[in-house]
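The next block holds one structure in the form of C-alpha cells; read it before the comments.
The values are calculated or read from the model by the stated rules, or taken from the named source; none is laboratory data. Note that the structure is predicted; figures quoted are calculated from it, not measured. Neighbour counts run over all protein chains shown; Cβ positions are idealised from the backbone, glycine included. To get the accessible areas, we keep the full protein, side chains included, count just its heavy atoms, and leave off ligands, DNA and RNA. Shrake-Rupley method; radii C 1.70, N 1.55, O 1.52, S 1.80 Å.
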Amino acid sequence: MSALAFVLVFGAAVAHAAWNIIAHGISRAGVPFLWWGAVGSTLVWVGVVPFTGGLGTDDLWSFALGVVVSSVLHVGYMAVLQRGYREGNLSTVYATARGTGPFLSVIVAVLLLGERPSFIALIGVAAVIVGVVAIGLVDRGRGGGARRIDPGILFGLLTGVTIAIYTIWDAHAVRTWNLSPVAFMVGTTLLQIPFYSIAVRRRWGAVWALGRTQWRRIVVFGILSPLSYILVLTAIQIAPVALVAPLREVSVVLVSLFGVFVLRESKPWWRIGASLVVVAGIVLLAL
C-alpha cells in the first residue's frame with residue numbers, strides 16, 4: 001500500500017471512531033438524529049462537489065443507480081447500528097461490527113471470487129473471531145440473568161453484515177463507473193433524507209428540539225461521518241480493497257479506549273486486549 005493510501009485510510013479510521021463516539025452519545029434520539037445526520041452531511045459537503053471533480057462521470061444513469069442502492073444499504077446500516085448502541089455497550093457493538101466486516105469479506109472472496117487466502121490470512125480470520133467472542137463475553141452474567149445472547153454482540157454482527165454489503169457495492173460503483181467519492185457520498189446522504197423523513201413523519205417536534213439542543217454534535221457528525229467514508233472511497237481507487245478494509249479497523253482500538261477511559265466500561269483490560277486481538281487479526285488479513 002502506498003504512503004498516500006495509508007494516510008487516507010488511517011485518517012478515515014480516526015474520523016470514523018470520532019463520529020461513532022458522537023453517535024453513541026445521542027443515539028437514544030433514534031431516527032430524529034439520523035434525519036439530522038443525513039441533512040447535515042448533505043449540506044456540509046454539497047458545496048465541495050464542484051471542486052472535487054463533479055460527479056466524476058457523464059453517465060448519469062450509472063451515478064443514479066450507484067447512489068440509490070448505496071443509500072438504501074446505508075439506511076439499513078445506520079438503523080441497525082443505532083439500535084445496537086441503544087441496546088449494548090459501545091465497545092461491544094463497535095468492535096463486533098468492525099471485526100465482522102473483514103471476516104465476511106474473506107468468505108465472499110472464497111465463495112464468489114475464487115480467491116484462496118494464505119495461511120497467514122486464515123490465522124487472521126481466527127484472531128478476529130477470538131477477539132469478537134472475547135468482547136462479547138465481557139458482560140456475560142451482569143444483569144439480565146437468563147439472557148443468553150448479549151444484544152451488543154447480536155446487533156454488532158448484524159451491523160457487520162450491512163458493512164460488508166455496502167462496502168462491496170460502493171467499491172464496485174466507484175471503481176466501475178469512475179464516480180467521484182465526494183459526489184457519491186453526497187448523493188447517498190441526500191437520498192437517505194426521504195427515508196428518515198417518512199420514519200419521523202409524526203415526530204417533527206422531536207426533530208426540531210434535537211436540532212436546537214444538539215446542533216453542535218450534528219455539525220461535527222455532518223463533517224466527520226462523510227469524511228471518513230470519502231477518504232476510504234478515495235483510497236479504494238488507488239489501493240486494493242483487501243488492504244483498505246482491514247486497515248480502517250484500527251478505529252476499533254480508538255473506540256475501545258474511549259469506552260474504557262471516558263465511559264468507564266467494565267473490565268477495561270479485557271476490552272482493550274480483545275480489541276487489539278481483533279485489530280491484529282485484521283492486519284494479518286491484509287498481509
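A few notes on this one:
- Of all residues in the stretch 204-230 being open to solvent by 30 Å² or more (accessible area, probe 1.4 Å) and in contact with a Phe, Trp or Tyr (Cβ under 9 Å, 6 or more places away or on another chain), the one that is farthest from G47 (Cα to Cα): Q214
- When the stretch 41-55 is filtered for residues that are surrounded by 15 or more Cβ atoms within 10 Å (Cβ to Cβ) and of a type in the set (F, W, Y), only W45 remains.
- V182 meets the conditions (1) at pLDDT below 85; (2) under 30 Å from V48 (Cα atoms) in every case but one. The failed one is (1).
- Against the criterion of being in contact (Cβ under 8 Å) with a residue 40 or more places away in the chain and at positive phi, G99 does not qualify.
- Flag if I123 is at pLDDT 80 or above, surrounded by fewer than 22 Cβ atoms within 10 Å (Cβ to Cβ) and in a helix (DSSP H, G or I): yes
- Scope the stretch 71-91; condition out of contact with any His (no Cβ under 6 Å at 6 or more places or on another chain) and either at pLDDT below 75 or outside any helix (DSSP H, G or I) (or both); matching residues: G88, N89, S91
- Selection of first residues in the stretch 196-217 that are in a loop (DSSP other than H, G, I, E, B) and of second residues that are of a type outside the set (S, T, N, Q), restricted to Cβ pairs under 7 Å at least 6 apart or on distinct chains, gives the following pairs, ordered by first then second residue: V200/V31; V200/P32; V200/W35; V200/V207; R203/P32; Q214/I26.
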